[in-house]
1. Given the options 26, 42, 141, state which has the largest fluctuation in a GNM of the chain using a 10 Å cut-off (strictly under) for Cα springs.
2. Counting only trypsin sites (Lys or Arg not before Pro) that are in a DSSP loop and have at most 11 other C-beta atoms within 10 Å, tell me the longest site-free stretch of the chain.
3. Kirkwood hydrodynamic radius (Cα pairs, Å) of segment 3-120?
4. With a bin width of 5 angstrom, please list the P(r) values of segment 28-95 as percents of all Cα-Cα pairs, from the 0 bin to the one holding the largest distance.
5. State the extension gain, in nm to one decimal, for the chain segment bounded by residue 157 and residue 66, taking 0.36 nm per residue of separation less the distance between their alpha-carbons.
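Each reported figure results from applying straightforward, stated rules to the coordinates on display, with no laboratory input. Source: prediction; values computed, not measured. We place every Cβ from the backbone using ideal geometry, glycine too, and count neighbours over all the protein chains shown.
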Amino acid sequence: MTAGNISGDLVRQRLQKIREEAEAGGYLLNPDVSFVESLVAGICVNEARYGYPACPCRLSMGKKEDDLDIICPCDYRDPDLNEYGSCYCALYVSGDVVSGKQKIGSIPERRPSRGERMKKTGGVFQAGTLPYPVWRCRVCGYLCARENPPLVCPICKVTQDRFEKFL
């Protein structure tokens, strides 16, 4: 299949899979169905073009090893959700966006330049030298290392306020 002939069936199948994974992980998709379908079509085009589902809102390098951080869902989804209420492309949104309490706005690019990304690869971290704090869900024990805890625990579905800094 080439990028030029992405079928509606393929887009619907991918959207169904994304919806199921989002729901299972406690994430919400943008309520604008046609917008979401266009994003999912872009993911399908990128997968046909590159062999992996790169985020449609960022420029792919065309080499999976260089784009691991932007394979949907990208590495920047959760920090963007925490800070801005939606991810960079607005596929994933917060409950406040879905309920209308918050509007989706412009989100600055978090992805480091290719040169900065190349410097970060290959390192082994020792205790006490992690670049991010480790958060622990007080309910189920789920651990994650990043700037902030997730909005919803992907395991037990409790909210962000049930996390504590672990390391």
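1. 141
2. Working: sites that count: 63, 101, 103.
Result, exposed sites excluded: 104-167.
3. Values: mean 1/r = 0.0676 Å⁻¹.
Over segment 3-120, the inverse of the mean reciprocal pair distance is 14.8 Å.
4. 4, 19, 28, 23, 17, 8, 1
5. Numbers: separation 91, 0.36 × 91 = 32.76 nm, distance 3.19 nm.
Gain in length upon complete extension: 29.6 nm.
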